[in-house]
Each structure stands twice: as C-alpha cells, then as structure tokens.
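Worksheet: the structure to be examined is printed underneath.
Read the figures in this text as sums done on the coordinates, not as results from a lab. If you're wondering where the values come from, they're calculated on a predicted model, not measured in any experiment. Cβ placement follows ideal geometry from the backbone for every residue including glycine, while neighbour counts extend to all protein chains displayed.
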Amino acid sequence: MEGQRAKLAIQDPPYNLVAFETRSIRDYVEWARSWVTTSVASLDADSSLYVWLGADQRDHFQPLPDFMLLMREFPLQARSYITVRNQRGYGTQRNWMAVRQELLYYIRGNPAFNVEAEYTDIPKTLRGYYKEVGGQLTENLERSKRDTIRAGNVWIDIQQVFYRLEENVSGCYAQKPLKSVDRIIRASSDPRDLIIDFFSHSGTTLLAAEIAGRCCYTADIDPIFCEIAIRRLEHFRASARTGWQNGHAFEKELHRTALSPHPDTDADRPTQASLI
Ligand SMILES: C[S@@+](CC[C@H](N)C(=O)[O-])C[C@H]1O[C@@H](n2cnc3c(N)ncnc32)[C@H](O)[C@@H]1O
C-alpha cells in the first residue's frame, strides 16, 4: 500500500460450513487473528472496520462468539452489531428458519460517520401506530419514507442476490448485495477515501467503491475470483451494468470454445458450456 492508510475495511471472510469442514474453531480464530492484525496495520488512526460473519446455530453460534472475544485484543472499539435480513434461509420444521447475516462494526479513533448517508428507506413493518405530523394524523407505514428516519441496526430492505438480479455474478456463491456495501461505504467513508477488502470474491466492495467515488484495494486467495472481480469492474465501466444477471464473466471464452470444434473430435458434436 506504499504507506497509504485505509479509512475503511470491509472484510467478508469465509465463515460457512466450507470453512468449518476444513478448520476447527481454534484454527479459524488463529487465522482470523492474522487478517485482523493486517487489517488494523493497514487502517488509518481514524477509521472503521466492518466484518461480515456467520453464526452456526448447530455449533454454539460459532464463529461469532469466539470472533467477538478475539476482537477485544485489538485497539478497536465495538460500535454496532448489525443484522441483515435474508429473504431465504435454512432450517427445518423443528427450528426457526435462519434468515440473518451478522455484520460487526468497529472503529479506531474518531472516524467519519456520515449521518445523511444513514437516512434510509428501510420500511416500517408495523401498522396501527398513529401520530400527528403537521396537524395531520398519519399511520406508521405512511411515515416510513421520511428522510429523517435513521437507519437502525436491523436492515430488512436488502434483497439477497439471485440470478434474476442484474448484479448477479454466476459462480459466486457468497456474493453480498451492492446495496448493503454501498450503505457501509457512504456512512463510513468520504469521497476518494481508500477502502480495503481482503476477500474480494465477486468484487462487490470494489464495484461499490467505484460507484461511490472511493478507491479500493482488494484481494482474494483464489485467482479465479480475482479475475472475476476485475472483469466485473471492466464490465461496469463499459456498460454501466453491475453484473451479468444469469450470464457470467467468462462468456466470451466459453462462447468461443463452444463454437470452435476441437481438432481431435467430431466437429458436429455439440459442446455444453457451463460455469461451475
Ligand atoms: C464470503 S466470500 C466474500 C464475498 C464478497 N464480499 C462478495 O460480495 O462477493 C469469501 C472469499 O474469501 C476468499 N478467501 C478464502 N480464504 C482466503 C484467504 N486466506 N485470503 C484471501 N481470500 C480468501 C474466498 O476465495 C472467497 O472468494
């Protein structure tokens, strides 16, 4: 980073069953210590850190509790514990369906918190609460669109990404909605600030930073996801589209492969192109 310090880190590490099949919670926390240390070393004296994390209800809600304990080792202050509501979830007939994602917000020093970015379109959900506004009796839902309503730490207005949405990037199983990352960026950074994200995947933070006029350094351990993130940004710059809906980042290559017959095989044999 050549001495530059970031104003905002948005980290979305793998935390699901894939991580748990390969790592014990102890190893997971050790691993988390290393990237949190690097994050803190890369952050400005006045900065914010957001961490997306899961809570496995079949395993004492891990890694959330042990991760929270780990965070007490760092020179950061816990600021908010946000829950983003998913539309779809997992569960059985014998338990509450799991429809939440956890988002932890920490600060270092005294960073920006842009209150106007925090005004929200989060709808109110309960009817029947009447209040007089400007001499008129208004019902709760009527008041839900006012620009003086502040975003609480339960976000119910964010659509999970699925194949019908323009922002969908096929093959990215853990893509976060742009709207959620945009809200974080506008609340906790200023134009031209530097943002870091070590777990790029579909490049949501990179793209949200571009749209909001911020600079972003991002990485991923998997070169395929690095390539997808680069292509997603280039695709946006060329077309103003935020993803490929039910297309994908490697359409050109696969299209070419599908059209050009392999020299050793029957030229008429159809080729099925698919992205795993
Ligand atoms: C939950 S996804 C991030 C999703 C991303 N926020 C988005 O909206 O597309 C986690 C990503 O972390 C990457 N990853 C796993 N271990 C890593 C490591 N040690 N260093 C960097 N990236 C890693 C995975 O390849 C995966 O793409």
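Values computed for the structure shown
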{"quantity": "Farthest positive-ward along the chain dipole, Cα basis, beta-carbon charges - from F67, N86, H201", "calculated": "N86"}
{"quantity": "Ranked packing of 72-82, 241-251, most packed first, by mean Cβ within 10 Å", "calculated": "241-251, 72-82"}
{"quantity": "Residue of V99, V181, V40 that the Gaussian network model of the chain assigns the largest fluctuation, springs spanning Cα pairs under 10 Å", "calculated": "V99"}
{"quantity": "FRET E, pair N110, S144, Förster distance 30 Å, beta-carbon r, rounded to 0.05", "calculated": "0.40"}
{"quantity": "Cβ-based exposure ranking for R231, R5, R237, R183, in which fewest neighbours within 10 Å come first", "calculated": "R237, R5, R231, R183"}
{"quantity": "Computed Kirkwood radius, in angstrom, where 1/r is averaged over Cα pairs of the chain", "calculated": "20.9 Å"}
{"quantity": "Spin-label model distance (nm) - M97 vs M1, 7 Å beyond Cα toward Cβ", "calculated": "4.0 nm"}
{"quantity": "Shape category assigned to region 1-148 from the gyration tensor of Cα positions, a/c cut at 1.5", "calculated": "oblate"}
{"quantity": "K7, K252, K176, K124 arranged by Cβ crowding within 10 Å, fewest neighbours leading", "calculated": "K252, K124, K7, K176"}
{"quantity": "Residue with peak Gaussian network fluctuation, the chain [Cα springs, cutoff 10 Å], from S202, S189, S34", "calculated": "S34"}
{"quantity": "Footprinting exposure proxy for I184, I149 (fewest neighbouring C-beta atoms within 10 Å first)", "calculated": "I149, I184"}
{"quantity": "CD proxy at 222 nm, helix term only [per DSSP H run n ≥ 4: -39500 (n - 2.57); per residue of the chain; nearest 500]", "calculated": "-8500 deg cm²/dmol"}
{"quantity": "Hydrodynamic radius by Kirkwood, which averages 1/r over all alpha carbon pairs of region 165-210, in angstrom", "calculated": "11.2 Å"}
{"quantity": "Stokes-Einstein D in µm²/s, Kirkwood radius over Cα pairs - region 26-105 at 10 °C with 1.306 mPa s viscosity", "calculated": "113 µm²/s"}
{"quantity": "Unit charges on C-beta of K, R, D, E only; dipole of region 1-86, Debye", "calculated": "200 debye"}
{"quantity": "Whether region 102-200 is rounded, prolate or oblate, judged on the alpha carbon gyration tensor where a/c under 1.5 counts as rounded", "calculated": "oblate"}
